[in-house]
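The block underneath contains the structure these notes are about, expressed in structure tokens.
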Amino acid sequence: GAVVSQHPSWVICKSGTSVKIECRSLDFQATTMFWYRQFPKQSLMLMATSNEGSKATYEQGVEKDKFLINHASLTLSTLTVTSAHPEDSSFYICSARAPTDSGNTIYFGEGSWLTVV
Amino acid sequence: AQSVTQLGSHVSVSEGALVLLRCNYSSSVPPYLFWYVQYPNQGLQLLLKYTTGATLVKGINGFEAEFKKSETSFHLTKPSAHMSDAAEYFCAVSPNQAGTALIFGKGTTLSVSS
């Protein structure tokens, strides 16, 4: 299947700083990528839909000024957590739809653990 | 709006036993349905999906699921559990249109004992 890669896998940052997570589609071009957040032992919550060349669409309750999403190319979307606080600590997962797939199959990255201390 | 309900947050089976993970969905339009597996500290891996056509879908690792429209269900089964099947399983739904996000159920933890 299609490959989606995230970097970094693990990151620790100090409270008040910003951290960027990258999501790349390695073997296909993704016009749309999705960012999810997952708390331990819980399900995935959709944060935003990232469209190449346009502004991201955020889900209700997600602070767009805090979680900056940029989709500058067809293979890269980034999530920047600004002014991070301990409550932002979570597992962040990106995903992308392979355009050749007719069934809306979405492939997921490996995820990125963010710990804010 | 679409939603997914996974019945049973935790299922325990013995190695070699039948695995049955339940998923019911709610959708006002014909859905696409998916099952994903997540191993600890990893992303999600697609097990199988239903879009159109045959309602019995076969996936990887011996798993299969059957789409039953009348019951709005998409239960995941495997005839014989292996220890390596122990993981978190998520059922997901999306509208039958490209580019839309998946909506996930809360997940079911599968434990396999020897």
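The values are calculated or read from the model by the stated rules, or taken from the named source; none is laboratory data. Since this is a predicted model, take the numbers as computed values, not measurements. Cβ: placed from backbone, ideal geometry, glycine included. Neighbour counts: every protein chain shown. These area figures cover heavy atoms from the full protein model, side chains too; ligands, DNA and RNA do not enter into them. Shrake-Rupley method; radii C 1.70, N 1.55, O 1.52, S 1.80 Å.
Being part of a strand (DSSP E or B) and charged (D, E, K, R) is the filter; apply it to segment B:30-72 and report the residue that is surrounded by the fewest Cβ atoms within 10 Å (Cβ to Cβ). Across segment B:30-72, the extreme among qualifying residues is B:LYS58.
Of all residues in segment A:58-74, exactly one satisfies the criterion of being surrounded by 14 or more Cβ atoms within 10 Å (Cβ to Cβ) and among the polar types (S, T, N, Q), namely A:ASN70. Please pick out the residue among A:SER25, A:SER18, A:SER77, A:SER95 that is polar (S, T, N, Q) and either modelled with pLDDT of 95 or more or loosely packed, with under 14 Cβ neighbours inside 10 Å (or both). From the options A:SER25, A:SER18, A:SER77, A:SER95, the qualifying one is A:SER18. Looking at segment B:10-29, can you tell me whether even one residue there is in a strand (DSSP E or B) and closer than 20 Å to A:ALA2 by Cα? Looking for residues that are in a strand (DSSP E or B) and closer than 20 Å to A:ALA2 by Cα, one finds none in segment B:10-29, hence no. The condition of being modelled with pLDDT of 90 or more, under 15 Å from A:VAL3 (Cβ atoms), open to solvent by 40 Å² or more (accessible area, probe 1.4 Å) and not in a strand (DSSP E or B) does not hold for A:GLU87. Restricting B:SER94, B:SER111 to residues that are in contact with a strand residue (DSSP E or B) (Cβ under 7 Å, 6 or more places away or on another chain), part of a strand (DSSP E or B) and within 16 Å of A:SER95 (Cβ to Cβ) narrows the list to B:SER94. Do we find that A:SER54 is outside any strand (DSSP E or B) and within 13 Å of chain B (Cβ to nearest Cβ) in this structure? So A:SER54 fits the description; yes. Whenever a residue of segment B:38-64 is modelled with pLDDT under 90, its partners that are charged (D, E, K, R), lying with C-beta atoms within less than 7 angstrom and at least six residues away or across chains, give the pairs B:GLN42/A:GLU110; B:GLY43/A:GLU110.
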